[in-house]
Amino acid sequence: MPPTNNPDQRDLFPGALEIMVLESLRRQPMHGYALVKHIKLRSNELLLVEEGSLYPALQRLLKEGLVKCEWKISATNRRVRTYRITPSGVKHLEREVSRFNQMLEGITLVLSPAKL
Amino acid sequence: VQWLRQLFSDGQIYRDISEEIQQHLEEKIQELVAGGMKPKEAEYQARREFGNVVLLEERTREVWQSSRLESIWFDLKYALRQLRKSPGFTLAAVFTLALGMGVNTAIFTIFDRVLLRTMPIRKPGEIVLLKEHSRFETGQLDMWAGDPETYFAYPAYQALRDGGHMIEKLAASTTAPVTIVSHNEADKAKMQAVSGNYFSLLGVQPVLGRVLTLSDDVYHEGSAVAVMSDSYWRGHFGSDPSVLNQQ
């Protein structure tokens, strides 16, 4: 998942995509394509989910029981596989977000100008 | 049992993934077209932004292919699918294999019955038959029957028996037709004249009486001893134990 405005296309840290997928699904169940659009929109298009990498991530979450899925007919009358977060998915998300915040705090402290 | 169930529900998992990716592409193309793009262009862009579909399906599957066993199972299913796609090739391959296995089985069965099982002796696999090979034509020495190359002069046999380090033990035998007279009837039979160590070498024990020993191996001086085959004893004497020690 590269930032859109960076030609170098750097990857985020491992698990970043999973956290964003879980958070998006906590707001509302949706299918893969909607997830891509949702993350793009929510990040003010700073983040563009590489569409390809979404599906392996979804399968990993499915396998670990953090999300569930079912085939449904979408509003646009299309057969779509809709994903929904599970209670253990919510727990996992909270844990990961708190770990992410800690990491972010650490990085911010290191990067901030030294206080005398 | 979890992994077993997973193993067999794989087909469904992979079909779902393929369909999901297909739906994703279609939805994107539809949206691009709705935005004013030409269908061909839209499809091209959708596929480009999505990435390599085959590779992606593979990566998605890898999530479930946790074990080597599953990977083997997958290869096996792939192989079976390929075989089903080309029935002509499959038929030819199966027929060839079947024929090969059949012929091998038949040959081994014959070999087993004829050579391995018909020798009720100790260590049949270690028994060898000595043959003489000469660079020169030695002419025929066909005394009774059989292969002249397996005939050895008695001194030659003695030298081979006593000086041989290739062979653990060596016994000699030759066949001859004889007439056996018993009670009031005479019968032609096939006799085998053998050296005294013949039976001990083969590790054969008699049902009744004794077999020949080294002490019988004396030219013209030993007692007249004969060992009767079990089938001859049954066929001509009705397995009568009183056949022993009769002149």
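A simple rule links phi to the HN-Hα coupling: the Karplus curve 6.51 cos²θ - 1.76 cosθ + 1.60 with θ = phi - 60°, which for the range B:200-215 gives 5, 5, 7, x, 9, 9, x, 6, 9, x, 9, 9, 6, 10, 4, 5 Hz, with x for Gly and Pro. Note on B:LYS169: aspartates and glutamates with a C-alpha under 18 Å away, same-chain residues under 8 apart excluded, are B:GLU126, B:GLU132, B:ASP216, B:ASP217. The mean number of partner chain beta-carbon atoms within 10 angstrom of a residue's beta-carbon across peptide A:35-46 is 1.
The fewest-to-most ranking of B:PHE152, A:PHE13 by surrounding Cβ atoms within 10 Å reads A:PHE13, B:PHE152. The chymotrypsin sites (Phe, Trp or Tyr not before Pro) of the range B:166-247 that meet both conditions, a loop assignment by DSSP and at most 13 other Cβ atoms within 10 Å of the site Cβ, are B:TYR219. log₁₀ I(q)/I(0) of chain A at q = 0.19, 0.24 Å⁻¹, via Debye over equal Cα point scatterers, no solvent, to two decimals? The Debye formula, applied to the Cα set alone, gives -1.06, -1.44. Taking amide hydrogens as placed 1.01 Å from N in the peptide plane, the amide H of A:VAL67 sits under 5 Å from those of A:LEU62, A:THR86, each at least 5 positions away in sequence or on another chain. One quarter of the surface of the convex hull around the alpha-carbon atoms of the range B:153-247 equals 7.1 nm², the direction-averaged projected area. Counting beta carbons within 10 Å around each of B:LEU201, A:LEU41 and listing the fewest first gives the order A:LEU41, B:LEU201. Site pair B:VAL178 and B:ASP240 shows an inter-label distance of 1.9 nm when each label is modelled 7 Å from Cα along Cα→Cβ. Peptide A:53-63 has a mean of 5 when you count, residue by residue, the C-beta atoms of other protein chains within 10 Å of its C-beta. A straight Cα-to-Cα reach below 24 Å connects A:LYS72 with the lysines A:LYS37, A:LYS40, A:LYS63, B:LYS28, residues fewer than 8 places away in its own chain not being considered. Annotation: the residues B:MET37, B:MET166, A:MET20, sorted from fewest to most other C-beta atoms within 10 Å of their own C-beta, follow the order B:MET166, B:MET37, A:MET20. In this entry, the range B:178-221 is assigned a mean projected area of 4.3 nm², taken as a quarter of its C-alpha convex hull surface. Taken as Cα centroids, the range B:224-247 and the range A:40-116 sit 95 Å apart, rounded to the nearest whole angstrom.
Normalised by 2.2 N^0.38 Å, where N counts its residues, the alpha-carbon radius of gyration of the range A:45-109 equals 1.43. The long axis of helix A:51-63 is offset from the longest Cα principal axis of chain A by roughly 80 degrees.
Note that the range A:68-83 has calculated 3J(HN,Hα) couplings of 10, 9, 7, 6, 9, 9, 6, 4, 8, 6, 10, 6, 10, 9, 9, 9 Hz, one per residue in order, obtained from phi through the Karplus relation 6.51 cos²θ - 1.76 cosθ + 1.60 (θ = phi - 60°); glycine and proline are x.
Read-outs throughout are calculated quantities, based only on the coordinates presented, and are distinct from any laboratory measurement. Model, not experiment: these values are computed from the prediction. As a convention, Cβ positions derive from the backbone with ideal geometry for all residues, glycine included, and neighbour counts pool all protein chains shown.
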